[in-house]
Every structure is written in C-alpha cells, then in structure tokens.
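Have a look at the structure below, then the notes.
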Amino acid sequence: MAVVSAKPIFMNFRNTLFLITLFVSVIVSGSLLAGDLTPWEAKWHDGEVVTIKGKVIEFRESSGEAFLNMGQRHPKEIFTIFCAPKTKISRKVLSRFEGKTISVTGKINVYQGRPKITLTSLDQISRK
C-alpha cells in the first residue's frame, strides 16, 4: 500500500493561492494606478481608448488635414493628433495648442509605425 503525502497537495494549493492573489493584486493595482500615458507609451496601446498627455511640439496643416505632433516635429513625431478635412474643428483653435501641454482621449491607431488619435471633437482635448 502506497502512502501519499499531503505535503505536495498543500504546496500546490498554497502556490495556486499565492498566484491567484498575485494576479488579482496586479490587476487591481494596475487599474488604480492607470493614468495618462506619455506620447512614447502610445505605440504599445494600438486599438485601445486611452488618454495621452504631452506637450504639443508642432501644429501643421497639409491638404486640409491638421496635425498636432508631440515628442518631435514632423517627420520624426512620436505621437500625432490627427484632424481630417471633413471635421468641423477650427484650425485656428487647434493651432493655439502648439507649445502647450494637453491631454487627448481617443482610440490609438498606429499608422505607418506611428501612433495617432483621430480627433472628432474638441471635447477630446483638455489643457493641463
């Protein structure tokens, strides 16, 4: 008759309980600590709705499109807030954000290797 030790079962239960506790702690602390992302962190959040906080280095227009670039000037921008020509947002208002620290909330889309948020409303932007 084989004797089965209770120790491995206890150790497995204890390890499992530890891992579950650790997992729950990471999830809870992550959601409590979640805040604005930097322009440099945006590329890791493709497809997510997030808030990016940073200084607008450059406002520029091209073919009716407007761009607020963070991190660096075009063509080396780190993050872009894009405003399509059909959007009824004043380009004059957008140009006033140049040199200012702002937060923008929206869905990240990585385009040609660079993260961007497409602006559909000025309500997506707040001055910090």
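The values are calculated or read from the model by the stated rules, or taken from the named source; none is laboratory data. Being a predicted model, the structure only gives us computed values, none of them experimental. All Cβ positions, even for glycine, are placed from backbone atoms using ideal geometry, and neighbour counts span all protein chains on display.
Per-structure values
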{"read-out": "Among the residues listed as 90, 95, the single one being surrounded by fewer than 14 Cβ atoms within 10 Å (Cβ to Cβ) and either out of contact with any Ser or Thr (no Cβ under 9 Å at 6 or more places or on another chain) or at pLDDT below 95 (or both)", "value": "90"}
{"read-out": "Criterion: farther than 18 Å from residue 109 by Cα, touching a Phe, Trp or Tyr at 6+ places or on another chain (Cβ under 6 Å) and modelled with pLDDT of 95 or more - qualifying residue of 60, 73", "value": "60"}
{"read-out": "Residue 107 more than 12 Å from the chain's Cα centre (by Cα) and either assigned by TED's automatic domain parsing to the domain that holds residue 47 or part of a helix (DSSP H, G or I) (or both)", "value": "no"}
{"read-out": "Test for residue 30: is it at pLDDT 65 or above and exposed (fewer than 10 other Cβ atoms within 10 Å of the Cβ)", "value": "no"}
{"read-out": "Selection status of residue 43, part of a loop (DSSP other than H, G, I, E, B) and basic (Lys, Arg)", "value": "no"}
{"read-out": "Test: residue 113 is surrounded by 12 or more Cβ atoms within 10 Å (Cβ to Cβ) and farther than 16 Å from residue 48 by Cβ", "value": "no"}
{"read-out": "Any chance residue 82 is assigned to a strand (DSSP E or B) and among the aromatic types (Phe, Trp, Tyr)", "value": "yes"}
{"read-out": "Single match in 54, 71 (criterion: crowded, with 18+ Cβ neighbours inside 10 Å and over 22 Å from residue 121 (Cβ atoms))", "value": "71"}
{"read-out": "Failed condition for residue 35, given (1) under 16 Å from residue 128 (Cβ atoms); (2) modelled with pLDDT of 95 or more; (3) among the small types (Gly, Ala, Ser)", "value": "(2)"}
